[in-house]
Amino acid sequence: MLKVLFIDIDNTLLSFTEYVKLAMKNGFQKFGLKPYQDEMFSVFEIINNRLWRQIEQNKLTLEELEKIRWDQILKELEISFDGLVFEHYFKEGLFSSAILEPHAMEMLKYLKSRYILCAASNGPYEQQLNRLREAGMYHYFQYFFISSQLGAQKPSREFFDQCFKILIQDGMADLVPEETMIIGDSFSSDMAGGIQYGMKTCLYQSGKTQNKTFPDIDHVISDLIEIRNFL
């Protein structure tokens, strides 16, 4: 029987994608750069995802990512501007960003009385907690497992070892991975981490319905409200 749910934050509870699009549009205007076009987001997505995979593989640190991310993105967009300046603007806005994924609040309200809820995220600790506060979601969680605090990133075994150590020390001595589920949008982070640790898994693909069958993943949803069908 499931007892504990690990829930990702970015693009699961809060829309990182929508924040990025807004930050690029407003930031390009603020700094007098060429106007934002929708196709520019794909450049951000490709570069940002590549850098985050390097973090997940322990080939790059978050601090290193922040030094090079926008230099690489702006260069690819053929925009001449200081990437560190734009990174500072980007991070400052992200700290208070709270754009909800559709039905995210309804999902948390439904799950709150049924399971122990743990936020599980790669990212800066204070930033991620503040975003949950801004979104009115903070009080739904009993635990906050954030990579910068734990000293390990999803999907590493060390990340989940730290999580389970805290839960077991807090009175859940008999908890086993099969009694937990991770809900998130990332194959390489959430799903890979959960599968290798023996947890149940739920992949959230926002608005995507073309493929709901993935080997080794227990549930695939395109709308968070679908959680009610099996939890």
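The ratio of the alpha-carbon radius of gyration of the chain to the globular-protein estimate 2.2 N^0.38 Å is 1.03. Straight distance only, please: which lysines reach the Cα of K3 with their own Cα at less than 26 Å, same-chain residues fewer than 8 apart left out? Qualifying lysines at Cα under 26 Å: K109, K112, K154, K165, K200, K212. Counting only Cα atoms, the size of the stretch 1-138 along its three principal axes is 54, 31, 25 Å, in decreasing order. Once C-alpha pairs closer than 8 Å and six or more residues apart are averaged by separation and normalised to the residue number of the chain, the relative contact order reads 23 percent.
For the stretch 1-81, a Kirkwood radius taken over Cα pairs fed into Stokes-Einstein (4 °C, viscosity 1.567 mPa s) yields D = 90 µm²/s. Taking a Cβ cut-off of under 14 Å around E92, the surrounding Lys, Arg, Asp and Glu residues balance to a net charge of -1, with basic ones at +1 and acidic ones at -1. Derived from the Cα gyration tensor, the three semi-axes of the equivalent ellipsoid of the stretch 163-231 are 25, 13, 10 Å, largest first. For the chain, with all protein chains in place and a probe radius of 1.4 Å, 48% of the accessible heavy-atom surface sits on carbon or sulfur. Accessible area per residue for the chain, computed on protein heavy atoms with a 1.4 Å probe, is 48 Å².
The values are calculated or read from the model by the stated rules, or taken from the named source; none is laboratory data. As the structure is a computational prediction, the values presented were derived from the model and not from experiment. In this analysis, Cβ positions are derived from the backbone assuming ideal geometry, glycine residues included, and neighbour counts consider all displayed protein chains. For accessibility, only protein heavy atoms count, side chains too; no ligands or nucleic acids. Shrake-Rupley method; radii C 1.70, N 1.55, O 1.52, S 1.80 Å.
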